[in-house]
Structure formats: C-alpha cells, structure tokens
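Novice: Here you go, one structure.
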Amino acid sequence: MERGGNMISKKLSDSINDQINAELYSAYLYLSVRAYFESKGFCGFGSWMGVQFQEETSHAMKFFDYLVERGGKVELKEIKEPTKSWDSPLAAFEAAYAHEKYITGRINAMVDLAMEEKDHATVSFLRWYVDEQVEEESSVSAIVDKLKYGQGSPGVELMLDKELSGRIFSPAVKEN
Ligand SMILES: [Fe+2]
Ligand SMILES: [Fe+2]
C-alpha cells in the first residue's frame with residue numbers, strides 16, 4: 001500500500017503505542033476483577049467485567065488498526081501485572097472507576113497532542129474515544145453509587161449481581 005504525506009508523526013505514533021498498552025492493561029485489570037468476582041461467587045459482576053475485558057481489547061485493536069492505516073509502526077510493550085484482590089465489590093468497582101478517570105485523562109492528553117500537531121485525522125479519530133470515556137465513566141460510577149447506597153448489604157450486592165449478569169458485548173461498528 002502507498003504511504004503518502006499523511007503519515008503519522010513519531011510523537012503521535014508513540015502516544016498511540018502507549019495507549020494500545022494502556023487499553024490492553026485495562027483489559028487485563030478487568031479480567032483480574034472478573035477472576036476476583038468469580039472466586040467470591042459474584043458471577044454477574046464477573047460476567048460484566050468479562051464484557052469490559054472484551055471492550056478494552058477492542059479499544060486496543062481500534063488504535064492498532066488506525067496506526068497501521070496511518071503508516072505508523074505498532075510496537076507492543078510489556079503489560080504490567082494487575083491487582084488481584086479487593087476488599088469488597090464496592091472497592092473493586094471504585095478501582096475500575098478510578099482507572100477509567102485515568103484513561104480519560106490520557107485520551108484528553110492525546111487529543112491535545114494531535115491538536116498541537118494539527119493532525120486533524122487523529123483529532124477526528126480520537127473523538128470516538130472521548131465519547132466512549134463519558135459512557136465508561138458514567139456506567140461504572142452508577143454501579144459505585146448503587147453499591148454505596150446499599151452500604152455493603154448482601155441483599156443489594158446480590159440483586160445488583162443478578163442485574164449486571166445480563167450485559168452483552170456488542171462490538172463497535174466501523175463507520176468507514
Ligand atoms: Fe478503553
Ligand atoms: Fe474503559
């Protein structure tokens with residue numbers, strides 16, 4: 001395939017490679033939360049985290065495909081070991097919420113960089129992630145709120161566990 005003048009800069013390409021790693025780490029973290037929930041018998045929370053794992057993997061692959069498309073070089077790095085256990089379902093979801101806020105910060109910094117470099121294609125590409133982060137933060141924080149409201153009551157935990165078991169992974173549709 002011909003690579004023209006639209007090739008991505010090294011700086012942006014580095015930042016996308018770092019983000020591929022961050023999304024794969026997110027997937028790994030949520031898989032670890034899934035394992036924790038499964039070990040405690042919270043299979044609904046576990047399956048919700050399983051869907052989250054799939055989503056994060058797809059986020060990484062979307063960056064991967066974009067980098068290839070823009071003539072950048074994909075460089076995979078080591079994925080750090082995730083935390084393995086939490087004190088309660090609330091603590092696990094709070095950790096997920098804090099992590100999503102961290103990812104939002106990273107995406108915003110990437111948009112800043114793409115704007116600085118006047119790379120309009122990347123600014124446009126990143127818009128999907130900006131919107132996705134709003135959704136991600138809001139869905140996790142809603143669960144945190146419900147668990148907080150329940151104040152660790154097993155009844156509330158079990159009810160929510162059942163409710164969240166219904167989540168299904170729906171892959172993002174490629175628009176172009
Ligand atoms: Fe993500
Ligand atoms: Fe996420």
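Novice: Kindly list the number of the only condition in (1) among the hydrophobic types (A, V, I, L, M, F, W, C); (2) surrounded by 13 or more Cβ atoms within 10 Å (Cβ to Cβ); (3) closer than 17 Å to Val51 by Cβ that fails for Ala142.
Specialist: Every listed condition holds for Ala142 apart from (2).
Novice: Here is a check on your reading of the model: is Asp65 within 14 Å of ligand 1 (Cβ to nearest atom), assigned to a helix (DSSP H, G or I) and of a type in the set (Asp, Glu)?
Specialist: No, not satisfied.
Novice: Right, something else. Could you check, for the stretch 140-150, whether at least one of its residues is within 16 Å of ligand 1 (Cβ to nearest atom) and modelled with pLDDT of 95 or more?
Specialist: Scanning the stretch 140-150, I find at least one residue that is within 16 Å of ligand 1 (Cβ to nearest atom) and modelled with pLDDT of 95 or more, so the answer is yes.
Novice: Let me ask something additional. Can you tell me which residues in the stretch 53-80 are away from ligand 2 (no atom under 12 Å from the Cβ) and among the β-branched types (Val, Ile, Thr)?
Specialist: Hits for the stretch 53-80 are Val68, Val74, Ile79.
Novice: Filter the stretch 127-176 down to residues that are in a helix (DSSP H, G or I) and among the aromatic types (Phe, Trp, Tyr) and give me whichever is farthest from Gly105 (Cα to Cα).
Specialist: Among them, the one singled out is Tyr149.
Novice: Kindly list, by first and then second residue, each pair from a residue in the stretch 93-120 that is touching a residue at least 60 places away in the same chain (Cβ under 8 Å) and within 13 Å of ligand 1 (Cβ to nearest atom) to a residue that is in a helix (DSSP H, G or I) and basic (Lys, Arg), limited to pairs with Cβ atoms under 9 Å and residues at least 6 apart or on different chains.
Specialist: Qualifying pairs under 9 Å: none.
Novice: When the residues of the stretch 92-125 are filtered to those that are small (Gly, Ala, Ser) and over 23 Å from Gly71 (Cβ atoms), which remaining residue is surrounded by the most Cβ atoms within 10 Å (Cβ to Cβ)?
Specialist: Result: Ala92.
Novice: Could you tell me how many of the residues in the stretch 8-36 are away from ligand 2 (no atom under 16 Å from the Cβ), part of a helix (DSSP H, G or I) and touching a residue at least 60 places away in the same chain (Cβ under 8 Å)?
Specialist: Residues meeting the conditions: 6.
Novice: Shifting gears a bit: Between a residue in the stretch 66-78 that is under 17 Å from Glu23 (Cα atoms) and any residue that is among the polar types (S, T, N, Q) and surrounded by 13 or more Cβ atoms within 10 Å (Cβ to Cβ), which pairs come within a Cβ distance under 6 Å, given they are 6 or more apart or on different chains?
Specialist: Glu75/Asn17; Lys77/Asn21
Novice: With respect to Thr83, determine if the residue is within 15 Å of ligand 2 (Cβ to nearest atom) and either within 17 Å of Tyr129 (Cα to Cα) or outside any helix (DSSP H, G or I) (or both).
Specialist: Criteria not met by Thr83.
The values are calculated or read from the model by the stated rules, or taken from the named source; none is laboratory data. Being a predicted model, the structure only gives us computed values, none of them experimental. Backbone-built Cβ (ideal geometry, glycine too); neighbour counts: all protein chains shown.
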